Amino acid sequence: MKNIIFIAPPAAGKGTQSEILMKNHGYIHISTGDLLRKEVESKSELGLRLTEIMSSGELVSDEIVTELLRKRLIEKDTETGFILDGYPRNIAQAKILDDLLITLGKKIGAAIYLDMDVDTAMHRALGRLSCPECGRGYNKYEEATKPKNEGFCDDCNIALTSRSDDTEETFKIRFNAYIENTEPLLDYYKELGILNVIDNSGTPSETSALIESVIKWLTFIVMKRFKL
Ligand code: AMP
């Protein structure tokens, strides 16, 4: 399986799409936001320093995030294929990633850009909920992903929670950081010939169908290369 990078504004649904790819294809989902949140939860010294940066919506230093990512990428389960969600976030990280992957003998097969406008992204951020038990994601404003029983997980029946950085004020900071730092990655991956642009204005299943066509294409290329 070809490894994938997701590029998208905050709250675009990268986590939801990654979950679908995990279920359908067995990809490993690596979200640097999740790795950082785990560090925060552990209440380690590093975690305490991260809390303030992350709840302000600012970016964590490239060194800290890259080290967490490196530790995750050397785990054996990443050998079958992984999705990077939230990394790289800027050109410097893209270059660090290129070097890191060479060292690890891994490659990125596709950068998938989930294209959407700022208002839709903000609406999604403000409606976003997740189950603290199983991690399943919901959106209270969207018919397709709202919980059946308002505020509770369909599977665990546990009260859903929202992220502390999903407020209007923090969203604006995160979105500006995205425009300034992350959007330039589109040209970077276009030049490498691995950028795939997906219209992400529809429902999660519409977006998923478009991503599936990219995966099919990648599989076709692998089969052709190895004459399978
Ligand atoms: P996310 O879950 O991807 O929205 O990330 C949540 C927060 O974690 C971001 O607002 C940043 O503070 C931090 N973060 C996640 N990934 C990175 C990264 N690659 N570089 C710097 N900061 C990051």
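The values are calculated or read from the model by the stated rules, or taken from the named source; none is laboratory data. Bear in mind the structure is a predicted one, so any value in this text is a computation, not a measurement. Here the Cβ positions follow ideal geometry from the backbone for every residue, glycine too, while neighbour counts run over all protein chains shown. When the accessible area is computed, the model is the full protein with side chains, heavy atoms only, and any ligands, DNA or RNA have been set aside. Shrake-Rupley method; radii C 1.70, N 1.55, O 1.52, S 1.80 Å.
Just so you know, in the stretch 180-198 the residues that are surrounded by fewer than 12 Cβ atoms within 10 Å (Cβ to Cβ) and at negative phi include one that is farthest from the chain's Cα centre (by Cα), and it is E191.
When I4, I74, I20, I28 are checked against the criterion of being touching a residue at least 12 places away in the same chain (Cβ under 8 Å), more than 9 Å from the ligand (Cβ to nearest atom), open to solvent by less than 10 Å² (accessible area, probe 1.4 Å) and more than 24 Å from I173 (Cα to Cα), I4 stands alone in meeting it. Evaluated against (1) within 13 Å of the ligand (Cβ to nearest atom); (2) among the basic types (K, R); (3) more than 21 Å from L186 (Cβ to Cβ), K106 falls short on exactly one condition, (1). Of the residues V40, V60, V65, the single one that is out of contact with any Phe, Trp or Tyr (no Cβ under 9 Å at 6 or more places or on another chain), within 17 Å of A177 (Cα to Cα) and surrounded by 14 or more Cβ atoms within 10 Å (Cβ to Cβ) is V60.
D119 passes every criterion in (1) more than 21 Å from E58 (Cα to Cα); (2) away from the ligand (no atom under 15 Å from the Cβ) apart from (1). Would you say L160 is farther than 24 Å from M54 by Cβ, touching a residue at least 24 places away in the same chain (Cβ under 8 Å) and touching a Leu at 6+ places or on another chain (Cβ under 7 Å)? Criteria not met by L160. Among the numbered conditions (1) within 15 Å of D166 (Cα to Cα); (2) away from the ligand (no atom under 12 Å from the Cβ), the only one that G15 does not meet is (2). Scanning the stretch 54-71 for residues that are within 12 Å of the ligand (Cβ to nearest atom) and without any contact (Cβ under 8 Å) to a residue 60 or more places away in the chain returns V60, S61, D62, E63, I64, V65, T66, E67, L68, L69. Is at least one residue of the stretch 31-53 in contact with a strand residue (DSSP E or B) (Cβ under 7 Å, 6 or more places away or on another chain), under 24 Å from L195 (Cα atoms) and within 10 Å of the ligand (Cβ to nearest atom)? Yes - at least one qualifying residue is present in the stretch 31-53.
Take the conditions (1) more than 15 Å from the ligand (Cβ to nearest atom); (2) open to solvent by 40 Å² or more (accessible area, probe 1.4 Å); C131 misses just one of them, which is (2). Scanning the stretch 140-163 for residues that are of a type in the set (S, T, Y), open to solvent by less than 90 Å² (accessible area, probe 1.4 Å) and closer than 26 Å to S56 by Cα returns T161, S162.
A search for C-beta distances below 8 Å between a residue of the stretch 83-95 that is at positive phi and within 9 Å of the ligand (Cβ to nearest atom) and any residue that is polar (S, T, N, Q) and part of a helix (DSSP H, G or I), counting only pairs 6+ apart in sequence or on different chains, returns G86/T32. Given the conditions (1) hydrophobic (A, V, I, L, M, F, W, C); (2) assigned to a helix (DSSP H, G or I); (3) touching a residue at least 24 places away in the same chain (Cβ under 8 Å); (4) open to solvent by 60 Å² or more (accessible area, probe 1.4 Å), which single one is not true for L48? Exception for L48: condition (3).
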